[in-house]
1. Filter the stretch 156-171 for residues that are under 12 Å from the mean Cα position of the chain (by Cα) and either among the aliphatic types (A, V, I, L, M) or part of a loop (DSSP other than H, G, I, E, B) (or both) and give the result.
2. Please find, within the stretch 155-174, the residue that is modelled with the highest pLDDT out of those that are surrounded by 23 or more Cβ atoms within 10 Å (Cβ to Cβ) and over 18 Å from Met30 (Cβ atoms).
3. If you check Pro184 against the conditions, is it under 17 Å from Ser6 (Cβ atoms), out of contact with any helix residue (DSSP H, G or I) (no Cβ under 6 Å at 6 or more places or on another chain), modelled with pLDDT under 95 and crowded, with 19+ Cβ neighbours inside 10 Å?
4. Can you find a residue in the stretch 26-38 that is at pLDDT below 75 and out of contact with any helix residue (DSSP H, G or I) (no Cβ under 8 Å at 6 or more places or on another chain)?
Amino acid sequence: MENKLSFEIPFAGFAGTTFINCFNSAFIFMEDINLGGTDYECAKNDGKPCNSCGNCANGGSTPAAVVEKYFFLFDTVCGRSSLRCRYGGGMTEAQKNICETDFYDGGTEGNIDFLFGFAGYDYKKINDSAYFMNEIIRAVGNDRPVIARLNGGGEAFRVITGYDGESLISPDYANAQRRPEKNPDVDEIETLYIFGEKIKRNILF
């Protein structure tokens, strides 16, 4: 049995599949944010490599431009965008509070909790692999994408937007750096983060 979301949200081109990038696109889907028009010339849309023409950002009302605005909101408000690497390569104390392993991932549990709350959503965290498929089936059935942390750390986050039997379905990670070449397997998942209900106290969105 197959069930999948109509998830056509691009990803920000400033990172790979970090938590912040995956959260950003999932949030835009959840909020049904208008991504603007697509009537602009784009080499990537024609199957060619990006030539940095900038057309996707002109006017601020294209899918790429909208996604980038929200990406930088989340990246900034959690402090990730203000981090600076040490010359020696070690992690600063601020970085340890925001990033799990990769300088860009933003995937510490405290930061994940903060971003869900800032965006105005309750969420559920699932660590027991025995419940992964049932939770994914339930979330997709409720029109909610799932963010998964895979084993291995770094940019090991994915968005799950459906399933076909025991196989998982992910979106096209359009624009993201180092785009994953395949859908994740259930046995690669370490943790699931599932959007819950809107938090009534939220005043930002």
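1. Ala156, Val159, Ile160, Thr161, Ser170, Pro171 - these are the residues of the stretch 156-171 that are under 12 Å from the mean Cα position of the chain (by Cα) and either among the aliphatic types (A, V, I, L, M) or part of a loop (DSSP other than H, G, I, E, B) (or both).
2. Checking each candidate, the answer is Leu168.
3. It is false that Pro184 is under 17 Å from Ser6 (Cβ atoms), out of contact with any helix residue (DSSP H, G or I) (no Cβ under 6 Å at 6 or more places or on another chain), modelled with pLDDT under 95 and crowded, with 19+ Cβ neighbours inside 10 Å.
4. yes
The values are calculated or read from the model by the stated rules, or taken from the named source; none is laboratory data. In this text, all values refer to a predicted model and were calculated from it rather than measured experimentally. When we count neighbours, we look across all protein chains shown, and the Cβ atoms used for this are built from the backbone with ideal geometry, even at glycine.
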